[in-house]
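> Starting off with a structure, shown below.
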Amino acid sequence: MARSLYDWLWQHEFWLPPGITWQDMQESEDVHYPQPRDLLLSIPFALILVVIRCAFERAIALPLSSKLGVKDKQRPKAQPIPVLETFYSTPKRCDLPVRKVERWFRCRRNIDRPSLSKKFCEACWRFTFYMISFFTGLAVLYDVSTQPSLFWYYMLELSFYWSLVFTLPFDVKRKDFKEQIVHHAATIFLISFSYCANYIRIGTLVLVIHDASDCFLEPTKIFNYMKWKKTCDSLFMIFSAVFLISRLVIFPYTVLYNTYYYSMEIFQPFFGYYFVNALLIILQLLHVFWSCLIIHMVYKFILQGTGPSRLLGSTGVHLGWIPSCPSEITRVSEMKGTLIIRES
C-alpha cells in the first residue's frame with residue numbers, strides 16, 4: 001500500500017515537464033542532480049538549529065540585552081482568583097464588581113505577554129540567521145552550478161523554516177499568526193519542490209529576495225526594544241523601501257513572470273507548473289497584505305508625524321511585534337447584577 005502510494009505520488013507526469021522522466025535525472029560521474037531523499041536531512045538539522053537558537057539566546061542575546069539597556073517592564077501580578085481564572089478562557093457569568101474584573105483581566109493579560117528581553121532575544125537570533133543566509137544566498141546565486149554549496153544552502157534555509165514551525169507554540173504570538181503559518185507552509189513546499197524538480201536557480205532567487213528585507217526588519221525591532229527612536233525610525237524607512245521594492249517589484253517581475261509566462265516558451269504546462277505557481281501566488285498575496293500594513297505605518301509617520309517606534313508598539317502584527325492576547329475582553333456589561341464577559 002505504501003509503495004503504491006509512493007509510486008503514484010512521484011509520477012514524473014506530476015513533477016516534471018512533458019518528455020522528461022526521473023531516469024533523465026539520474027546521477028552519473030559527470031552529472032549530479034538534487035535527490036528528493038536529501039530533504040529528509042532537514043528535519044534533524046532543524047532540531048539542531050532549535051538547540052543552537054536556545055544556546056544563542058541564553059548565552060549571547062540575553063546578556064547583550066542587559067548591556068544594551070533592554071529592561072522588562074514591571075507588571076503587577078494578578079491575585080489568584082480561581083473563578084476569574086476559569087473565566088479567563090471561557091466566557092461565563094460571575095457576581096463580581098465590573099471594575100474588579102476589568103482590573104484583574106488587565107493584569108492577567110499582561111502576565112501572558114512575552115517580556116521585552118524575550119522579544120529582543122528572538123530578534124537577535126533571526127537577524128543573525130538572515131544575515132548569514134542572505135550573503136550565503138548571494139554567493140550561491142553567483143555560482144549556482146556548485147552542487148555542494150547548493151545542497152547546504154537549501155538545507156540551511158529549509159531547516160530554518162522547519163525550526164520556525166517547531167517553535168511556533170513557544171515564540172511570540174502575533175495577530176498575523178495564521179498568515180505566518182501559511183507563509184511557512186508555502187515556503188517549505190516551495191523549497192522542497194524547487195529542489196526535487198531541479199528548479200534550483202529560481203528557488204535560490206526567491207530565498208534571497210525574502211532574506212533581503214528581513215536583514216533590515218530584525219535590527220529595526222532590536223533598536224525599537226532598545227528605545228533608540230531615531231535609529232529605529234531610519235531603519236524602518238530603509239526596511240519599508242527594501243520590502244516594497246523586493247516584494248512588489250522584483251519578485252513579481254523576475255520570479256512570477258518567468259515561472260508563469262517565460263516557462264511556457266520552453267515546455268508545456270503540467271501539474272508541477274500549476275503547483276509551484278499557486279504557491280508563489282500565495283506568497284505574493286501575503287506580500288501585498290504585509291505591504292498594506294507597512295504603507296499604513298509609513299503614511300502615519302510622514303503625514304501624521306507618528307514615528308515607527310511608536311507604531312511598532314501598537315500594531316500587534318508581524319511588523320509590530322506585539323502579541324495578541326489569548327483572551328481579549330471586547331465587551332463587559334452588567335445585566336441585573338450579573339457580569340457577562342465576552343471574548344473576541
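> Taking region 246-271 only, how many residues are at pLDDT below 85 and either closer than 25 Å to GLN11 by Cα or surrounded by 17 or more Cβ atoms within 10 Å (Cβ to Cβ) (or both)?
Summing the residues that are at pLDDT below 85 and either closer than 25 Å to GLN11 by Cα or surrounded by 17 or more Cβ atoms within 10 Å (Cβ to Cβ) (or both) in region 246-271 gives 14.
> Also, I was wondering about something else. Could you grab me the full set of residues in region 285-301 that are touching a Leu at 6+ places or on another chain (Cβ under 7 Å), open to solvent by less than 20 Å² (accessible area, probe 1.4 Å) and closer than 20 Å to THR187 by Cβ?
HIS287, TRP290, SER291, ILE294
The values are calculated or read from the model by the stated rules, or taken from the named source; none is laboratory data. The structure displayed is predicted, hence computed values, not measured ones. Glycine gets a Cβ as well: all are built from the backbone with ideal geometry, and neighbour counts include every protein chain shown. Heavy atoms of the whole protein, side chains included, go into the accessibility calculation; ligands, DNA and RNA do not. Shrake-Rupley method; radii C 1.70, N 1.55, O 1.52, S 1.80 Å.
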